[in-house]
Amino acid sequence: MKSLLLASLIGLSMPAAWGMDLLEVYREALANDAQFAAARAQAEAGRETAVQGRAGLLPNIGLSANTTYNQNTFSGQDRNYNSNGYGAQLTQPVFRWQNWVQYQQGQLQVGISEAQLAAARQDLALRVAQAYFDVLKAADVLAAVDTLKTAASEQLALSKKSFEVGTVTITDVHEAQSRFDLANAQQLAAANDLEVKRQTLTQLIGRPAGALAPLRDGVRIERPAPADIDSWVGSAEGSAYGVQIQQLAAEIAAREVERNRAAHLPTVDLVARYNKSSTGFSSTTGSSADSTTRSIGLELAVPLFAGGALASRDREAVALKMQAEADLESARRVAALAARQAYLGVTSGMAQIGALEAAQVSSASALEANRLGYEVGVRINIDVLNAQSQLSDTEQQLAAARYDTLVAQLQLEAAAGQLDEDDIQRVNGLLAH
């Protein structure tokens, strides 16, 4: 059973008819990721703040009705009757400056909701890319360990045969056996790690992804454009979604100061009323009465004193405005740092790729030389295994450096608020299809 599971996991890292590529995984994650679905719902709720803010500028219409049974005694006589009434009232704000400011705040809040949704989309793209390349990285590790195990098995068999004819000592056999056992343990650990990474990807798209398209052999990664760290930092400080959100939040806080100050101003409303009431038959008067009232006019309200609450809210709003401005400055600094880190991650990753490509050639040559040396008796078994391990480790590091550099490129785009599906498609073009 274990061998079947291991074989299936190894098969995921071998050339095949690839089930999905990065772009397909990203699009499925857009439709199925629970975290992004929550962000979409939050954005939908946030859009309603504009409607709620506009409501303060529009008329309010209300209906009311009542019915009452009246029973009283006057000069020893009971007077029992029903009274009924209904009415309607329309109130149209004419001058309520705080309502106008609240309407403007609603528009700004919608902007925050849209920026938060765009940031969530960027975050999803980064999570998908990270999970995708983590799977490829784990598959590379498993394939490399499998190669090491195969080489260790061959060297173990050769050592045993050589020991039988007396050309090597028992120490060589023990060393080969130790390397084989170590490779076997590493293979099991790598298989488990690959399964964990695949489950992380499954969580994003809601189903197993199947075989993933790997990077093309010898793929070349382009340098960032523009190749200037200050340009990226400037873009991040002005366009990163975290900065955009805090800019809008600071503007809302400034409008909140204005809205609270407007609470000190008079308000004027246009009010229209219609009321109709009727009194039922009275046993005392022997009659009933009906009345109808219609009115329309302007109502002025002037706030004079509210126990100090209005002044307190003024001070609170000013303090919150200062907090929002500080948060904006913090967001700019965070965005600048993220851009610098991502840019350096890309440039250092590309330098590392170049060095590892050269090391790969050297390691392959060293392995070939050690094999030849072992065949002619100038190298021992452990030298061949060390050379094989060195080549395998170099290849793993090279693949990991390429994956990490591609993710760093996407992080750089995200830090500047520029990451979109086109960037995912660009990286996707580097995969084998």
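We did not get these values from a lab; they are worked out from the coordinates using the rules stated. Keep in mind the model is a prediction, meaning the values are calculated, not measured. Heads up, the Cβs are rebuilt from the backbone with ideal geometry, glycines too, and the neighbour counts pull from every protein chain shown.
In a reduced charge model with +1 at each Lys and Arg Cβ and -1 at each Asp and Glu Cβ, segment 40-99 shows a dipole moment near 240 debye about its Cα centre. Only one residue of LEU215, GLY62, HIS433 has its Cα farthest out toward the positive end of the dipole of the chain, where Lys and Arg carry +1 and Asp and Glu -1 on Cβ, and that residue is GLY62. Considering only VAL141, ALA225, GLN247, the residue lying farthest towards the positive end of the dipole of the chain is GLN247, judged by Cα position with unit charges set on Cβ.
Counting beta carbons within 10 Å around each of TYR103, TYR26, TYR403 and listing the fewest first gives the order TYR103, TYR403, TYR26.
For the chain, the equivalent ellipsoid derived from the alpha-carbon gyration tensor has semi-axes of 78, 28, 17 Å in decreasing order. Estimated at 0.36 nm per residue, the fully extended path between LEU337 and LYS276 surpasses their Cα-Cα distance by 15.0 nm. Once the chain from GLN199 to ALA351 is taken as fully extended at 0.36 nm per residue, the excess over their C-alpha distance is 51.5 nm. For the pair GLN107 and THR73, the difference between a 0.36 nm per residue extended length and the Cα-Cα distance amounts to 6.2 nm.
Please list the non-local residues whose amide H lies under 5 Å from the amide H of LEU419, H modeled 1.01 Å from N, same-chain partners needing a gap of 5 or more. Excluding prolines and chain starts, which carry no amide H, the hits are ALA414. When only alpha carbons are used to place a centre, segment 163-204 and segment 392-422 end up 29 Å from one another. Taking label positions 7 Å along the Cα-Cβ direction at both ASP230 and GLU299, the computed distance is 6.3 nm, reported to one decimal. For VAL94, the residues 5 or more places off, or on other chains, whose built amide H falls under 5 Å of its own are VAL268, ASP269, LEU270.
At 7 Å along Cα-to-Cβ for each site, give me the label-to-label distance between GLN42 and ALA306 in nm. Taking the simple label geometry, GLN42 and ALA306 are separated by 3.0 nm.
In the chain, helical runs assigned H by DSSP with n ≥ 4 each contribute -39500 (n - 2.57); averaged across all residues and rounded to the nearest 500, the mean residue ellipticity at 222 nm is -24500 deg cm²/dmol.
Only Lys, Arg, Asp and Glu carry charge here, each on its Cβ (+1 for the first two, -1 for the last two); on that basis the chain has a dipole of about 1560 debye about its Cα centre.
Projecting label points 7 angstrom from Cα along Cα→Cβ for ARG216 and GLU258 puts them 5.4 nm apart.
Going Cα to Cα from LYS321, which aspartates and glutamates come in below 12 Å? Please leave out same-chain ones fewer than 8 positions away. Of all the aspartates and glutamates, those that pass the test against LYS321 - Cα under 12 Å, at least 8 places apart if same chain - are GLU251, GLU256, GLU258. Each part gets one Cα centre, and for segment 228-255 versus segment 319-377 those centres are 26 Å apart.
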